[in-house]
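Let me begin by presenting the structure, written as structure tokens, before commenting on it.
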């Protein structure tokens, strides 16, 4: 059976306004979309620790879970996710002024070997005793050590294009990147100036 690939459809009106909430000073920010009450990082960890949300997700994606990770026990999948999310959240919480976020985030495209303007990046959970982590945090890199988190996902397939929920994360990254370019936000200083203007207006 062939792999179903979903296409990215950009919706520019959806993200005409974006808020950027500081997670750690001068290092890490997270998008809060205009229609949301929480920033994307807070929402991610809330979902990844919600047993009801996780049960619903794995029931809908049980075929991928069993095909790619050879797991059919939903309780095991839920337990592994919560355990892995706790470790990943600790990494975020332990960020300090000496932290190098370039060690946490890696290029989204494995074939890319160097930085590009507003590159798309990912952070992964830790490898567990049973399997590789399926948790992902996605971000745009403004400059060395400075990132804006755009979202995240439980990735159960080889590529993001294979499932609608991971394709949505690709779309978010592209739309956040386009928003930053449209507002001439190409580094941390430009973001700082942009946020100052918002506070003044």
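None of the figures in this text is laboratory data; all of them are computed from the coordinates on show. From a predicted model like this one, the values you see are computed outputs, not experimental measurements. Cβ placement follows ideal geometry from the backbone for every residue including glycine, while neighbour counts extend to all protein chains displayed.
Per-structure values
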read-out: Helix axis angle, 51-60 relative to the chain longest principal axis, alpha carbon, degrees; value: 70
read-out: Folded to 0 to 90 degrees: helix 188-200 orientation relative to the chain principal axis, Cα; value: 70
read-out: Paramagnetic reach from residue 114 (point 7 Å along Cα→Cβ, amide N under 18 Å) across the range 141-164; value: 141-145
read-out: Residues 50, 94 arranged by fewest to most Cβ contacts within 10 Å; value: 94, 50
read-out: Order of 114, 70, 122, 55 under a 10 Å beta carbon neighbour criterion, fewest first; value: 114, 70, 55, 122
read-out: Correct option for Cα extents along the principal axes in Å [calculated from the coordinates] among (1) 53, 37, 36; (2) 57, 47, 30; (3) 96, 39, 37; value: (1)
read-out: Three-way shape label, the range 36-80, alpha-carbon gyration tensor, a/c 1.5; value: prolate
read-out: Angle in degrees between helix 164-182 and the longest Cα principal axis of the chain, rounded to the nearest 10; value: 10
read-out: Shape category assigned to the range 76-163 from the gyration tensor of Cα positions, a/c cut at 1.5; value: oblate
read-out: Over the chain, relative contact order from alpha-carbon pairs under 8 Å, at least 6 apart, %; value: 23
read-out: Shape call, the range 154-201: gyration tensor on alpha carbons, a/c limit 1.5; value: prolate
read-out: Which of 176, 51 has the fewest Cβ neighbours within 10 Å, and the rest in rising order; value: 51, 176
read-out: Two-site FRET efficiency, residue 52 against residue 93, from Cβ-Cβ distance with R₀ of 22 Å, rounded to 0.05; value: 0.35
read-out: Extension gain from residue 168 to residue 59, taking 0.36 nm per residue of separation minus the Cα-Cα distance; value: 37.3 nm
read-out: Between the range 19-70 and the range 101-119, the alpha-carbon center distance in angstrom; value: 21
